[in-house]
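Some notes on the structure that comes next.
The values are calculated or read from the model by the stated rules, or taken from the named source; none is laboratory data. On a predicted model such as this, the values are computed, not experimentally measured, just so you know. So basically every Cβ, Gly included, is an ideal-geometry build from the backbone, and we count neighbours across all protein chains shown. Note: areas computed on protein heavy atoms with side chains; ligands, DNA, RNA excluded. Shrake-Rupley method; radii C 1.70, N 1.55, O 1.52, S 1.80 Å.
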Amino acid sequence: MLKISASLLACDEAYLGETVMELERAGVDFIHLDVMDGHYVENFAFSPKTVRDLRKITALPLEVHLEIDNPERYIAIFAEAGADIIIVQLDTVRHPIRVLKEIRSFGKKAGIAINPSDELGRVKYLAAYIDYLLLMSVEPGFGGQEFEESVVDKVNLAQSEFAKWGYSIPIGVDGGINFENVTLITQAGAEIVVVGTALFSQPNFCEAVTLFRQLGGFR
Ligand code: DX5
Ligand code: ZN
């Protein structure tokens, strides 16, 4: 079944805790927290404290997506705050294998994210160190952007390359996902969709989650 990771960037932060509990009741699979530093991206979002506070109120896995410069400085902090999955942007790390190993050393799942115009190339050499590949379908920094269609082919390619290299690594897609494009994305082989705007624009999370699963349902 398609896994849904709810991206909190789009939610009303005045109701963060209630929203997470509601998402849990609606059956989402992960909570996706974008951490933004106003430097790597021109936006600010969640901190270790957000992770620590939400950890207390939900059993859902917390997926921390570091859209920051020098993420290697903050791995221990987010691991200790209670993240279950830590994803770094490949273009922000000079020594990715070291960073990915560090994430795993805390018993956390390690993910790498690549941007829409990045080739898969280096992922081959990182595959042994990752538990999750996140393909960005927008430039990082903001919710509500338009989906980059070219990522669909990249999902396909990643899927077949992983099989060729002998890895079975879940592929997620992040950015601009909605009811119109989710089928294409899952057909291409994505197992997880990160959804913000399209989910938070719906009055009923439960119905929205069901519809997303139906549309991506053959997985
Ligand atoms: C973008 C973030 C995404 C974002 C997706 O930098 O990584 O997680 O929240 O949001 P939507 O679904 O609004 O495109
Ligand atoms: Zn994200």
Say we look at segment 44-80 and pick out the residues that are of a type in the set (Phe, Trp, Tyr) and buried (at least 16 other Cβ atoms within 10 Å of the Cβ); which of these is farthest from ARG104 (Cα to Cα)?
PHE46
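When you scan segment 122-160, how many residues do you find that are open to solvent by 40 Å² or more (accessible area, probe 1.4 Å), closer than 17 Å to LEU100 by Cα and of a type outside the set (Asp, Glu)?
Residues flagged as open to solvent by 40 Å² or more (accessible area, probe 1.4 Å), closer than 17 Å to LEU100 by Cα and of a type outside the set (Asp, Glu) within segment 122-160 amount to 5.
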Considering segment 197-209 alone, what residues qualify as being open to solvent by less than 60 Å² (accessible area, probe 1.4 Å) and within 16 Å of ligand 2 (Cβ to nearest atom)?
ALA198, LEU199, PHE200
Applying the selection to segment 1-52, what residues are closer than 17 Å to VAL88 by Cα and either at pLDDT below 95 or of a type in the set (Val, Ile, Thr) (or both)?
ILE31, VAL35, VAL41, VAL51
Unmet requirement for PRO116, which otherwise passes all of (1) part of a loop (DSSP other than H, G, I, E, B); (2) more than 14 Å from ligand 2 (Cβ to nearest atom)
(2)
Hey, does segment 15-28 have a residue that's closer than 21 Å to PRO203 by Cα, of a type in the set (A, V, I, L, M, F, W, C), surrounded by fewer than 17 Cβ atoms within 10 Å (Cβ to Cβ) and touching a helix residue (DSSP H, G or I) at 6+ places or on another chain (Cβ under 8 Å)?
yes
Kindly indicate whether any position in segment 98-113 is more than 16 Å from ligand 1 (Cβ to nearest atom), of a type in the set (Lys, Arg) and either open to solvent by less than 50 Å² (accessible area, probe 1.4 Å) or modelled with pLDDT under 95 (or both).
yes
I'd like the full set of residues that are under 19 Å from THR92 (Cβ atoms) and either of a type in the set (Val, Ile, Thr) or not in a strand (DSSP E or B) (or both), limited to segment 128-144.
TYR129, ILE130, ASP131, SER137, VAL138, GLU139, PRO140, GLY141, PHE142
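Rundown of residues vs (1) more than 19 Å from the chain's Cα centre (by Cα); (2) closer than 21 Å to THR19 by Cα; (3) buried (at least 23 other Cβ atoms within 10 Å of the Cβ), yes/no style:
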{"site": "PHE162", "(1), (2), (3)": "no, no, no"}
{"site": "GLY189", "(1), (2), (3)": "no, no, no"}
{"site": "VAL195", "(1), (2), (3)": "no, yes, yes"}
{"site": "LEU211", "(1), (2), (3)": "yes, yes, no"}
Restrict the check to segment 159-173 and report whether at least one residue is in contact with a helix residue (DSSP H, G or I) (Cβ under 8 Å, 6 or more places away or on another chain) and free of Cβ contacts under 8 Å to residues at least 12 places away in the same chain.
yes
In segment 164-187, how many residues are over 16 Å from the mean Cα position of the chain (by Cα) and part of a helix (DSSP H, G or I)?
5
